[in-house]
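Notes to accompany the following structure.
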Amino acid sequence: MQIVSIPTHPYTDQNPGTSGLRKKVTVFQQPDYLENFVQAIFDSLEDYSGKTLVLGGDGRYFNRPAIQTIIKMAAANGFGELIIGQGGLLSTPAASNLIRKNKAFGGLILSASHNPGGRDEDFGIKYNVSNGGPAPESHTDAFYKRSLTISSYKIAEIEDTDIDRIGSRHIENFKITVIDPVADYAELMQSIFDFGLLKQSIGSGFITLLFDAMHAITGPYAKRILVDMLGATPDSVINAEPLEDFGGHHPDPNLAHAQELAARMFSPTAPTLGAASDGDGDRNMITGSNIFVTPSDSLAIMAANARLIPAYAYGLSGVARSMPTSQAVDRVAASYNIPCYETPTGWKFFGNLLDAGKITLCGEESFGTGSNHVREKDGLWAVLFWLNLIARKRQSVADIVHEHWRKFGRDIYSRHDYEAIESSVANSIVERLRSQLPELPSQAFGEFIVKYADEFSYEDPVDGSVSKNQGIRIGFENGSRIIFRLSGTGTVGATLRIYLEKFEVDASSHDQDAQVSLSELIKLAEQLCEVKKRTGRTEPTVIT
Ligand code: G1P
Ligand code: ZN
């Protein structure tokens, strides 16, 4: 195998964000751009000679050429084996599982998650460590630092690999194994949930379902598990074929983007459960007949009912949520007397807690829920969790949600996103908020009296690492919160996220529309940050 060293020049913008390096495809197509970043990752890692790397992506445009490049670079840099999903496909949770199951050194996942795909859209690359989870900040900082000084990369002069053919081949000491991307994951799901009960509930017609794969990675996974293994009708899975441009849509599972699903779920013929997943299969949206379950509520309901699921029958060691996620799960943890951790946004912060056994379930308001079965959030796992709950409780989604609210109260919740704001304007908004923080505590805005106003900082209870400036929090005496933060996954300008939350014990108010219930907080958020005033926008780009 001929290995060559190609001279290169650094790019200055290869700083990974909340979840890997995400840029426009055209940025990745610049000469040596992908190669530089991959080499920067390999240069920052130690002692991987002869070890295994898992490789796959969500199938978006540029996935296939990127995989060929990475195969040649992994060979040149001394990895012993690559495990690749057939067609270059692997969902993010499936990749996490493969890393763990094969005791691999790590993995490279090619995805920009819920961002659109295609020639002029987004691409991304993310490194996961040996526990199967996203590389922690210490790693991603090192990748970035290395990318700024890189002067050459190593690549093997080998032919392109046929990634569509399952099987192993050797090039001298280097082994390339192409596997079925679904099989190991399906087996893992079978070990967690009661597939017998699910099959019976679906077969008898007690549960009907609709899953929207959004032309992204979960299509093949959903068809195999929901249709082939559990017996759902083939038309239960829509938009099942992965497409390089996701059919021109945002593969983002929320009511704004999963429109076909939303239309069906809010109609007289709605099935029992409606769900969707995102580009790389780690997000989930849960709906029932005429009801949308917020991800924060979903996490809390899962935590409250986990004992009904075979894998969690012995209870939970603890739970965690990202800081902007509603406090609904905190109430469950308090009533069960288990710890609840509050982490910064991004799944990587759950890794240590899961590894240390401090938590079993965790989630984010951004349609992410997961458990200790892998080290990523997991879209189909969440769908199976809900199916299993419905089957065990023999209740509709709406009944499960209302019962939960009656018991714990409802954390009325919404997120308002202002996308593609000019960076300088976004920075001025954050500066303005920051400057107000010292004077806010104990100020009263109608019924809302400020209890605390700060910037969230997190000290990891396992390794003691500290992450500062993780979002601006304004908490009120009545438990309500407004949180502001800038997105770390966008690729155009800046995205301001405003998270709004209000606690309601009174069951007669539980059915209120969230935007109506939160209207005072929405007004107050604008008063504090002036995003509309400063951008001239009249409303958020997306409300979830
Ligand atoms: C967003 C979500 C965050 C999630 C991340 C990756 O990041 O808010 O919860 O972990 O995508 O899916 P953000 O764009 O807010 O930085
Ligand atoms: Zn994703």
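On full extension of the chain, what length is gained from residue 355 through residue 6, given 0.36 nm per residue of separation minus the C-alpha to C-alpha distance?
Numbers: separation 349, 0.36 × 349 = 125.64 nm, distance 3.86 nm.
Stretched out fully, the residue 355 to residue 6 stretch lengthens by 121.8 nm.
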The chain, helix-only ellipticity at 222 nm - DSSP H runs n ≥ 4, -39,500 (n - 2.57), divided by all residues, nearest 500: -9000 deg cm²/dmol
As computed over the range 405-447, the Cα convex hull volume per residue (Å³): 132 Å³
Convex hull per residue volume in Å³, alpha carbons only, for the range 305-418: 110 Å³
Estimated translational D of the chain in µm²/s (Stokes, Kirkwood radius over Cα pairs; 10 °C; 1.306 mPa s): 67 µm²/s
Share of pairwise Cα separations in the range 425-496, more than 22 Å, in percent: 33 percent
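Which order do 137, 187 take when ranked by solvent-accessible area (1.4 Å probe, heavy atoms of all protein chains), largest first? Each step should come with its number before you reach the end.
Values: 137 65, 187 110 Å².
Most to least solvent-accessible, the answer reads 187, 137.
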11 Å beta-carbon shell around residue 271, net charge (K/R +1, D/E -1): 0
Charge dipole (the range 16-150, unit charges on Cβ, about Cα centre) - positive-most of 40, 26, 142: 26
Which of 118, 542, 298, positive extreme of dipole for the chain (C-beta unit charges): 298
Estimated vicinal HN-Hα couplings, Hz - the range 177-191 in sequence order (Karplus 6.51, -1.76, 1.60; Gly, Pro = x): 10, 9, 10, 5, x, 9, 3, 5, 5, 4, 5, 4, 4, 5, 7
Accessible surface of the range 36-136, 1.4 Å probe, proportion on carbon and sulfur as whole %: 44 percent
Nearest-10 value in Å² for the accessible area of residue 265, using the 1.4 Å probe: 0 Å²
Label-to-label distance, nm, for residues given as residue 335 and residue 526 (7 Å Cα→Cβ offset): 3.6 nm
Violating pairs (Cα-Cα greater than 20 angstrom) within the set 72/145; 51/175; 154/348: 72/145; 154/348
Simple label model, 7 Å out from Cα along Cβ direction - residue 463 to residue 447, nm: 4.4 nm
Accessible-area value, residue 367, 1.4 Å probe, nucleic acids and ligands omitted, Å²: 10 Å²
Test item: Cα-centred dipole of the range 186-311, Lys/Arg +1 and Asp/Glu -1 on Cβ, debye: 520 debye
Kirkwood-Stokes translational diffusion coefficient of the range 16-156, alpha-carbon pairs, 10 °C, 1.306 mPa s, µm²/s: 108 µm²/s
Candidate lysines for bridging to residue 199, where Cα separation is under 17 Å - those fewer than 8 sequence places away on the same chain excluded: 223, 393
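Defining a contact as two alpha carbons under 8 Å apart and six or more residues distant in sequence, what relative contact order in percent does the chain show? Write down the numbers at each step before the final one.
Details: 1218 pairs, mean separation 72.2, N = 544.
Relative contact order here is 13 percent.
Which value does Rg/Rh take for the range 335-480 over its C-alpha atoms, Rh per Kirkwood?
1.01
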Per-residue SASA entry for residue 309, accessible area with 1.4 Å probe, Å² rounded to 10: 0 Å²
Gain upon complete extension [residue 165, residue 492; 0.36 nm per residue less C-alpha separation]: 114.0 nm
Largest to smallest accessible area among 523, 23, 145, 101 [probe 1.4 Å]: 145, 523, 101, 23
Solvent-accessible area per residue for the chain (1.4 angstrom probe, square angstrom): 37 Å²
Farthest toward positive dipole pole in the range 322-398 [+1 Lys/Arg, -1 Asp/Glu at C-beta], among 362, 324, 385: 385
Simple spin-label estimate for residue 508 and residue 263 in nanometres, 7 Å along Cα-Cβ: 3.9 nm
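Please find the FRET efficiency linking residue 435 to residue 120, where r is the Cβ-Cβ separation and R0 is fixed at 41 Å, and quote it to the nearest 0.05.
On the way: r = 38 Å, r/R0 = 0.93.
About 0.60, to the nearest 0.05.
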Nonlocal amide H pairs with residue 288, under 5 Å, H built at 1.01 Å: 274, 293
Under 14 Å, Cβ to Cβ, from residue 171 - net charge with Lys/Arg +1 and Asp/Glu -1: -3
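The values are calculated or read from the model by the stated rules, or taken from the named source; none is laboratory data. If you're wondering where the values come from, they're calculated on a predicted model, not measured in any experiment. With ideal geometry, Cβ positions are generated from the backbone for all residues, glycine too; neighbour counts draw on all protein chains shown. What goes into the accessible areas is simple: the full protein's heavy atoms, side chains included, and nothing from ligands, DNA or RNA. Shrake-Rupley method; radii C 1.70, N 1.55, O 1.52, S 1.80 Å.
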